[in-house]
1. Can you give me the long-range amide H partners of GLU71? Hydrogens built in the peptide plane at 1.01 Å from N, cutoff under 5 Å, separation of 5 or more residues or another chain.
2. Hey, what angle do you get for helix 99-109 against the long axis of the chain, alpha-carbon based, 0 to 90 degrees rounded to 10?
3. For the chain, count the residues as N, evaluate 2.2 N^0.38 Å, and divide the Cα radius of gyration by that value, please.
4. How many percent of Cα pairs in the stretch 66-128 exceed 13 Å?
5. To the nearest 10 degrees, how steep is helix 45-58 against the longest Cα principal axis of the chain, on a 0 to 90 scale?
6. To the nearest 20 debye, what is the magnitude of the charge dipole of the chain about its Cα centre, counting +1 on the Cβ of each Lys and Arg and -1 on the Cβ of each Asp and Glu?
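Every number here is computed from the coordinates shown, using simple stated rules; none is lab data. This is a predicted model, so every value here is computed, not measured. Ideal geometry is used to build each Cβ from the backbone, glycine not excepted, and the neighbour counts take in all protein chains shown.
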Amino acid sequence: MKNQNATRYSKQRECILRVLGETDTHPTASYIYHRVREEIPNVSLGTVYRNLAKLTEEGAVIKIFSDDTSERYDACTSPHCHVLCRRCGSVSDVFIDCSDALDKEAEKVYDGKISGHSITFWGLCEKCSRDDG
Ligand SMILES: [Zn+2]
Ligand SMILES: [Zn+2]
């Protein structure tokens with residue numbers, strides 16, 4: 001029984017990681033759920049959420065908070081920032097690395113321990129800024 005559960009868990013986990021790895025659109029949990037369901041039809045949304053929470057905790061994926069309520073996920077764990085398009089809601093990667101310096105600055109004024117941060121810029125994506133004019 002125990003082994004069976006472990007196998008099922010790793011299969012779902014593997015599938016979630018693959019779905020995330022194949023896109024750079026920073027999908028929501030429900031997008032990931034629909035894609036995973038094409039391969040594992042009996043998977044539940046709750047299971048996908050639990051797996052995503054575990055993967056986030058382990059540092060295998062990054063959870064991004066955009067300014068609406070939906071959480072989005074990223075399989076790219078190397079240091080980078082994000083730009084959220086104010087018009088179409090797309091999230092793009094910006095590879096600037098200020099992780100160490102910024103963490104140290106925060107720790108200077110914070111009594112606890114800082115282990116990371118996430119930066120989201122707001123603006124217009126390439127396509128929307130083209131449409132703009
Ligand atoms: Zn846009
Ligand atoms: Zn990203």
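1. Placed amide hydrogens put ALA29 under 5 Å from GLU71.
2. 70
3. Details: Rg = 17.2 Å, N = 133, 2.2 N^0.38 = 14.1 Å.
Relative to the rule-of-thumb radius for its length, the chain sits at 1.22.
4. Values: 1296 of 1953 pairs.
Distances greater than 13 Å cover 66 percent of the Cα pairs.
5. Between helix and principal axis, roughly 60 degrees.
6. Numbers: 18 positive and 21 negative charges, 142 e Å.
Magnitude of the dipole: close to 680 debye.
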